[in-house]
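The block underneath contains the structure these notes are about, expressed in structure tokens.
Taken together, the values in this text are just the output of simple stated rules run on the coordinates, not laboratory data. Since the model is a prediction, treat every value here as computed from it, not as a measurement. No Cβ is skipped: glycine too gets one built from the backbone with ideal geometry, and neighbour counts run over all protein chains shown.
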């Protein structure tokens, strides 16, 4: 059967309408019968009909999936929790094309303890050396490197390739206190191995108060026994640990076992970062890139199940940068699978919020690196999407501002931001033509009307693409003025206002309802401020230019023989009064539209002054 798209969707919707309103799993198949998507639902009928309903505005990823669905199956379940278990199992078995499949772009990394007589602690990307022992695996090479550097520094272990069986001259690390220099031949193998064992314990257990207390106790005992050299070594080790602990407060947390998640998206690419804390210390980091446009709620609804399906070392607590609707359901699933109570939280303040913010910054920087832009721009666009509840990341933003002086020289400016950066080649000026006087609402409506007419014509490259977001300098009044214009042209771009405080500083984002305060969100606040300042600068500069031209015109019209046409020709050619004043009679008469008599009159007028 060779159906067209509308007939296929009609058939699938009719089948979906026959589904029961009970929990279950639905299985989407393509023309070949291959499973391309598996999902769960509290009520199968309500969920599945959404895919095939007319007028539904899906994300690009969902639209592509729906366009490939030829048929679907379903399995009824007794509860949503049971549906969750079945969904997870089916996804693991079939790896459907349109479900989130976790693939990070890094291999495993290990901490290696060599099998030499004088053991050394190094980094490694494999476990092929059977004489060595290994700690890991880790996902982040940076975490492994930092951990090895910390351990070697605190316990003054060598990181060189020397043999210590024969004495030799120590290197610079000994002289700056970074190495105990077993190469000098004055350190016993037993003492050296004691330091290595302590370093291994440090790597596995991290910085904790018990470690420091134990070292302080041993230092006092050594001092009481007049073993001052050993006591001094322990003192230096304690100081190094305390110094490192102070330096690394950002990667320490009061809660011993937790994972922190953040996701940042741009266009059809998402970046998820997981910071892994064990023993109150950041021990690892994982980075995932996922194709497709997702809301955070939708993303976590799939991602967390995929991530924890194969994880053995589950934390006691999970931190998210967004409070998802399935938080309790996922928590119940994790608790049942692990046999221990697991909390899922979305912290709003304090240390835990700082950890989530650090995770978000990491995600933004990783995504920015992939997209060749700055982390702050990427973070701002992603946060703006969530804050305004947009369907997609606003890659293209247009902002508008009106400028006039008591209704005179009424103009507007349009600026364009692409990927978080100004796109100045597509900036536009408008001169208000539909009425005289001051009316910012009518002015804004006229500007948007003309913009959409140009879009429909398709002749101007700067107007040929609709933005993902429109921002107006103003509040609910400006938004209400342009909505009828957008409806008349069947334009569905989200539109918001940019509100200033009494000091003309950016304060909030306006809607037709309550304003959205943004000062607490630094990334969004800075970004919106930069847009509002830029569109204001652009529109005001155009207004000043028009006002200057008007003043110039008024003075020139006083000259005998100079009318509107002559004035227009002069302004177009010379731009400024000073240029006209300094022009010779020949230069004036050479301008198209300026007669010799007028040129003589103008030259004589300024020559007499």
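Under Stokes-Einstein, with the Kirkwood radius over Cα pairs as Rh, the value for region 396-547 at 10 °C and 1.306 mPa s is 102 µm²/s. Each principal axis of the Cα atoms in region 5-94 has its own extent, and those three values, largest first, are 34, 26, 22 angstrom. Using a Förster radius of 45 Å, what is the FRET efficiency between residue 226 and residue 340 based on their Cβ-Cβ separation? Nearest 0.05, please. About 0.35, to the nearest 0.05. For the chain, the relative contact order comes to 7 percent (Cα pairs under 8 Å, sequence separation of at least 6).
Between the alpha-carbon centres of region 253-328 and region 427-462 there is a gap of 45 Å.
For the chain, take the longest principal axis of its alpha carbons; what is the angle in degrees between that and the long axis of helix 440-457, to the nearest 10 within 0 to 90? Computed tilt is about 80 degrees. Put simply, region 442-532 fits an ellipsoid with semi-axes of 26, 14, 11 Å; these come from the alpha carbon gyration tensor as the roots of five times its eigenvalues, largest first.
Based on C-alpha pairs under 8 angstrom that are at least 6 apart in sequence, region 396-547 has a relative contact order of 26 percent. Relative to the longest principal axis of the Cα atoms of the chain, the long axis of helix 596-607 makes an angle of roughly 70 degrees. Computed on region 557-607, the Cα convex hull volume stands at 63 Å³ per residue. The distance between label points at residue 581 and residue 189 comes to 9.5 nm (points 7 Å beyond Cα on the Cα→Cβ vector). Note that the chain, at 37 °C in a medium of 0.692 mPa s, gets a Stokes-Einstein diffusion coefficient of 109 µm²/s from its Kirkwood radius over C-alpha pairs.
Each Cα pair under 8 Å and six or more residues apart adds its separation to the average, and for region 372-455 the resulting relative contact order is 24 percent.
Inverting the pair-averaged 1/r between distinct Cα atoms of region 257-372 gives 14.3 Å as its Kirkwood hydrodynamic radius. What is the helix-to-structure angle for 375-387, meaning the angle in degrees between its Cα long axis and the longest Cα principal axis of the chain, kept from 0 to 90 and rounded to the nearest 10? Taking Cα atoms only, the helix is inclined about 80 degrees. Per-residue packing, averaged as other Cβ atoms within 10 Å, sorts the ranges 314-323, 256-265 into the order 256-265, 314-323, beginning with the highest.
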